[in-house]
Amino acid sequence: MSYLTKEHNSAYISTWLKLLCLIIFVLFVVGAITRLTDAGLSITEWEPIMGIIPPLLHSDWQVVFEKYKLIPEYLLVNSEMTLDEFKYIYFWEWLHRFLARFAGLFLFIPFIIFLFLGKIRKATRNQLILLCLLFLLQAYMGWFMVQSGLVQRVDVSSYRLIIHLGLALIVLALCIHISLHPARLIVRKKSYAYGAFLLMCLVYIQILLGAFVAGTHAGKVYNTWPLINDVWIPDDMFKQVNSLEDFATDTLTIQFMHRVFAYIVLLYVIVYYALHSFLKKRYAKQTMLLILFVTFSQVILGILTLLNFSTFNFALMHHIVAIILFYIVIYHYNAVRNREGVI
C-alpha cells in the first residue's frame, strides 16, 4: 500500500480549507442579506437536524407562520404581513442556517477523516481543533443572538450581533491562516509583521463598528457627508449615554465612531503603504497595492451607502467589500510574516 507524502497531505488540507473559506464567504453574504431583509427572526426555533428541511406543504407554512406571529416583531412591526411575504424572509434565514450547517459538516467530516488516517501534523491538528471549537461557539452564538429578539424586542441585540460577527471573522481568519500553512506553525524570533497585524486589527474593529451601525440602523439617520448636521463634531454626542444599554441606541455616537474610525483605517493604510514603498520592502507588495485600492473603494462605498440612506444594494456591497478587505489583510499578514511576497 502506498501512502501520500507529507507534502501531498498538506496540499489536500490546504485545498480543503481554502474551499471552506469560500463557503464561509458565501455565508457572510447571505448573513448580510438576512440582516438587511430583517429575516433573522422568521425562524423562532433552533432545530439543528430537522431544521434542514424547510416547510413543504401549505399546512407546514401555516404552522411556522403562526409561531412567527407570537413574537414582538410581528405584533409590533409586521402585523399586516402576508404568508407570501413571510415565505420571502423565511427563505433567507433558512438559507443562512443551511449554509452554516453545510460549512460545519465541511469542516468536521474531513477533519475527522484526516485525523483518523493520521495525515495531520500536531501543530496543524491543534489549530484545527481550535477552529472546530470556535465554529461550534459561533453556531451557538447565532441562536443566542436570535433568542434576544424573540421576547420583549423587535430585533436582535446589537451586542450579540457584534459578538456573532466577531466570532465569524475570527473563524475566517484562522481558517485562512491554517490553509496557508497546513504543515507547520511558523514562529520567527524577529518579526516584520507588527504593522500588518495592526492593520488586521484595525480592519477587524471597523467591521465590528459597522455591525453596530447595522444593528441600530444608524446608517439611516444623519445622511450627510462629510459633515453631520452641518458640523464636524456634533455637540450632543454621548449626552444621552449614561449606560452601556444607552450606547446601543445612540445612533449619532455610533455612526460618528464608524466614520472617524474609517478615516483612521484609511490614513493608516496610506502611511503603511508609503512607508513600505520608501523602505523598498518588496515582500507582499502586490497585496499592499490591493489593500490600498480596496480600502479606498470601501470608503467610497461607505459614503454612497450613507448618502443613499443605507439602501439594500449599497449596504450589501459595503458589507461584501468589507469581508473582501478583511480576507486580503489576513492574507497580507501571513505573507509578510513569512516573507512570501506573492498573492
At most 13 other Cβ atoms within 10 Å plus a DSSP loop assignment makes a site exposed; report the longest stretch of the chain without any exposed trypsin sites (Lys or Arg not before Pro). 1-183
Choose one answer from Tyr272, Tyr327, Tyr90: the residue with the largest mean-square fluctuation in a GNM of the chain with alpha-carbon springs under 10 Å. Tyr272
Among (i) 21.0; (ii) 15.3; (iii) 18.6, find the value of mean projected area of the Cα convex hull in nm² that was calculated from the structure presented, and write down its label. (i)
Run the dipole for the chain about the Cα centre, Lys and Arg Cβ at +1, Asp and Glu Cβ at -1, nothing else charged, and hand back the magnitude in debye, nearest 20. 2440 debye
When only Cα pairs under 8 Å and 6 or more residues apart are kept, what is the percent relative contact order across the chain? 21 percent
Under a Gaussian network model of the chain whose springs join Cα atoms within less than 10 Å, the largest fluctuation of Ser179, Ser79, Ser158 belongs to Ser79
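Take the alpha carbon atoms of the range 1-90, find their radius of gyration, then divide it by 2.2 N^0.38 Å using N residues; give the quotient.
1.66
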15 Å beta-carbon shell around Phe135, net charge (K/R +1, D/E -1): +2
Would you calculate the convex hull of the Cα atoms in the range 28-81 and tell me its volume per residue in Å³? 99 Å³
On the protein heavy atoms, probe 1.4 angstrom, tell me the percent of accessible surface of the chain carried by carbon and sulfur. 69 percent
Within a Gaussian network of the chain (alpha carbon springs, distance under 10 Å), most fluctuating of Gln127, Gln62, Gln206: Gln62
Note on the chain: helices (DSSP H) long enough, at least 18 Å by alpha carbon along their axis, and hydrophobic enough, mean Kyte-Doolittle at least -0.5, are 6-36, 83-117, 122-147, 158-180, 194-216, 251-278, 285-307, 312-337
According to the Kirkwood expression over distinct Cα-Cα pairs, how big is the hydrodynamic radius of the range 53-182, in Å? 17.1 Å
Cα centroids of the range 293-307 and the range 105-126: how far apart, whole angstrom? 40 Å
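The values are calculated or read from the model by the stated rules, or taken from the named source; none is laboratory data. What you are looking at is a predicted structure, and each value in this text was computed from that prediction instead of being measured. Please note: Cβ atoms are built from the backbone with ideal geometry, for glycine as well, and neighbour counts cover all protein chains shown. SASA here: full protein model, heavy atoms, side chains in, ligands and nucleic acids out. Shrake-Rupley method; radii C 1.70, N 1.55, O 1.52, S 1.80 Å.
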